[in-house]
2 protein chains.
Amino acid sequence: MARWEPGAKVRLVDAAVDLFLEQGYENTSVAEIAERAGLAKSSFFRHFPDKREVLLAGQDMLSQLLADGIAAAPPEATPMEAVAAGVAACAEVFVSERRAFAVKLRSVVAGNPELQEREALKRARFTEAMTNALRQRGVDAPLATVAAELGALAFRLSWERWTDAPDDQSFEQIARATVAELQAASVSLR
Amino acid sequence: MARWEPGAKVRLVDAAVDLFLEQGYENTSVAEIAERAGLAKSSFFRHFPDKREVLLAGQDMLSQLLADGIAAAPPEATPMEAVAAGVAACAEVFVSERRAFAVKLRSVVAGNPELQEREALKRARFTEAMTNALRQRGVDAPLATVAAELGALAFRLSWERWTDAPDDQSFEQIARATVAELQAASVSLR
């Protein structure tokens with residue numbers, strides 16, 4: 001799926017996160033999620049293989065946004081400028097209307113070790129996507145890996161800060177400030 | 001369990017990895033692992049809650065080695081010198097007699113998405129342990145986080161390089177060279 005498709009899928013994701021918060025992830029069934037979203041159980045399985053995957057709906061799209069953002073940076077952009085462009089590109093989905101959802105999602109994941117595992121793997125995939133995008137720009141191995149790790153860290157911190165931030169701060173603002181902060185720390189590392 | 005206890009536990013771990021390689025992770029039962037290790041099934045459950053945990057036997061100990069190595073670095077050590085000491089301290093368990101095991105483990109994990117998730121979470125825990133150890137040395141937040149991320153990356157690359165390396169290269173040598181390489185990359189990041 002190249003783009004987030006509104007409608008049934010988003011309704012399922014929102015219903016799932018609400019139910020996970022209300023009654024716990026373990027205690028929530030696929031049937032309940034479908035019902036809350038006003039859909040048949042069979043609709044659920046048209047969109048997701050299982051309950052856990054609901055929370056990862058955006059993963060492939062975010063990997064793509066990170067990679068495309070890096071690829072689309074001007075040819076003269078430094079590796080960290082390209083990384084900043086990649087993380088900032090996620091602002092396309094982290095719009096203010098989705099912030100309340102992100103706050104709930106963060107709280108669900110924080111309370112569940114199984115979901116934390118999945119999150120950790122998701123971050124590893126983001127690092128991989130960014131490493132590959134940087135290498136395609138001609139950035140060599142150790143530099144590309146380090147820049148991508150910092151990018152993944154910046155992505156995570158930016159997302160957390162965005163869920164904590166007042167409504168008028170955009171994800172893009174936060175992302176650019178976070179990348180700059182991590183780059184400054186990195187350059188001063190002794 | 002505070003320390004790696006030789007004997008039954010190591011035998012179970014070795015038996016498990018051999019069986020996972022021979023017949024696949026999914027197709028291997030706890031009973032088979034115990035049998036291969038020459039132990040009763042009940043012995044297995046004295047050491048591990050389930051099959052997957054066998055592959056994470058060393059995780060708590062490695063977190064401790066990383067954190068203790070950082071804590072034990074001289075007071076005047078820079079953050080990256082402390083990180084290098086932490087990663088190098090893992091040489092205590094990554095001894096040449098365990099290299100063949102590590103090669104097998106790496107191959108088992110590479111072939112199984114469920115185990116890759118667990119590995120990704122393990123790395124997140126290592127980062128956390130190193131971040132905390134650095135903060136206790138008085139290193140502030142963004143610097144401690146970046147140094148710990150680089151430390152976790154250095155740990156993973158060192159482990160991979162160690163499993164690829166000729167027998168006469170010690171984990172400590174590889175770890176120190178890897179931390180130095182990542183630090184050089186990090187300092188040059190623009």
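Any read-out appearing in this document is the output of simple, stated calculations on the displayed coordinates, not a laboratory observation. Computed from a prediction, not measured in an experiment: that's the story for all the values here. Counting neighbours? That spans all protein chains shown, and the Cβs are built from the backbone with ideal geometry, glycine included.
Couplings 3J(HN,Hα) for the stretch B:95-111, derived from phi with the Karplus relation 6.51 cos²θ - 1.76 cosθ + 1.60 (θ = phi - 60°), are 8, 4, 5, 9, 5, 4, 4, 4, 4, 5, 4, 4, 5, 5, 5, 4, x Hz, where x marks Gly and Pro.
Highest mean first, what order results for A:35-45, B:79-89, A:87-97 on Cβ atoms within 10 Å?
Details: A:35-45: 15.3, B:79-89: 25.1, A:87-97: 18.1.
The packing order, highest mean first, is B:79-89, A:87-97, A:35-45.
Counting only alpha carbon atoms, the long axis of helix A:171-187 and the longest principal axis of chain A meet at about 40°. The angle separating the long axis of helix B:79-89 from the principal Cα axis of greatest extent in chain B is about 30 degrees.
Quick one: dipole size for the stretch A:58-187, taken about the Cα centre, charges +1 on Lys/Arg Cβ and -1 on Asp/Glu Cβ, in debye to the nearest 20. Could you put the intermediate results ahead of the total?
Details: 13 positive and 18 negative charges, 47 e Å.
Approximately 220 debye in magnitude.
The distance between label points at A:Val187 and A:Val103 comes to 3.5 nm (points 7 Å beyond Cα on the Cα→Cβ vector). For the protein assembly as shown, what does the alpha-carbon gyration tensor say about shape, rounded, prolate or oblate, given a ≥ b ≥ c as the root eigenvalues, a/c under 1.5 as rounded, and a/b over b/c as prolate? Oblate, since a/c reaches 1.5 and b/c is not below a/b.
With +1 on the Cβ of every Lys and Arg and -1 on the Cβ of every Asp and Glu, and nothing else charged, how large is the dipole of the stretch B:3-80 about its Cα centre, in debye rounded to the nearest 20? Show your work: numbers first, answer last.
Details: 8 positive and 12 negative charges, 52 e Å.
Computed about the Cα centre, the dipole is about 240 debye.
Ordering A:Ser63, B:Ser188 from the fewest to the most neighbouring beta carbons within 10 Å gives B:Ser188, A:Ser63.
Would you list A:Val108, A:Val179 from fewest to most Cβ contacts within 10 Å? Working shown, then result.
Values: A:Val108 18, A:Val179 26.
Going from least to most buried by this count: A:Val108, A:Val179.
The charge dipole of the stretch A:44-126, taken about its Cα centre with unit charges on the Cβ of Lys, Arg, Asp and Glu (plus for the first two, minus for the last two), comes to roughly 420 debye.
Evaluate peptide A:142-151: per residue, the Cβ atoms of other protein chains within 10 Å of its Cβ; return the mean as an integer.
Working: counts 10, 7, 1, 6, 13, 4, 1, 8, 7, 0.
Rounded to a whole number, the mean comes out at 6.
Take every residue in peptide B:179-186, count the Cβ atoms of other chains within 10 Å of its Cβ, and give the average of those counts. Walk me through the numbers before you get to the answer.
Working: counts 0, 0, 4, 6, 5, 3, 10, 12.
For this peptide, the per-residue mean of nearby foreign Cβ atoms is 5.
Based on the Cβ-Cβ distance from A:Ser29 to A:Glu92, what FRET efficiency comes out when R0 is 41 Å, to the nearest 0.05? That pair, A:Ser29 with A:Glu92, gives E of 0.80. Taking every alpha-carbon pair in chain B and binning the separations at 10 Å intervals from zero gives 9, 34, 33, 17, 6, 0 percent. The long axis of helix B:59-72 is offset from the longest Cα principal axis of chain B by roughly 20 degrees.
With the simple model of a label 7 Å out from the Cα in the direction of the Cβ, A:Val10 to A:Ala71 spans 2.5 nm.
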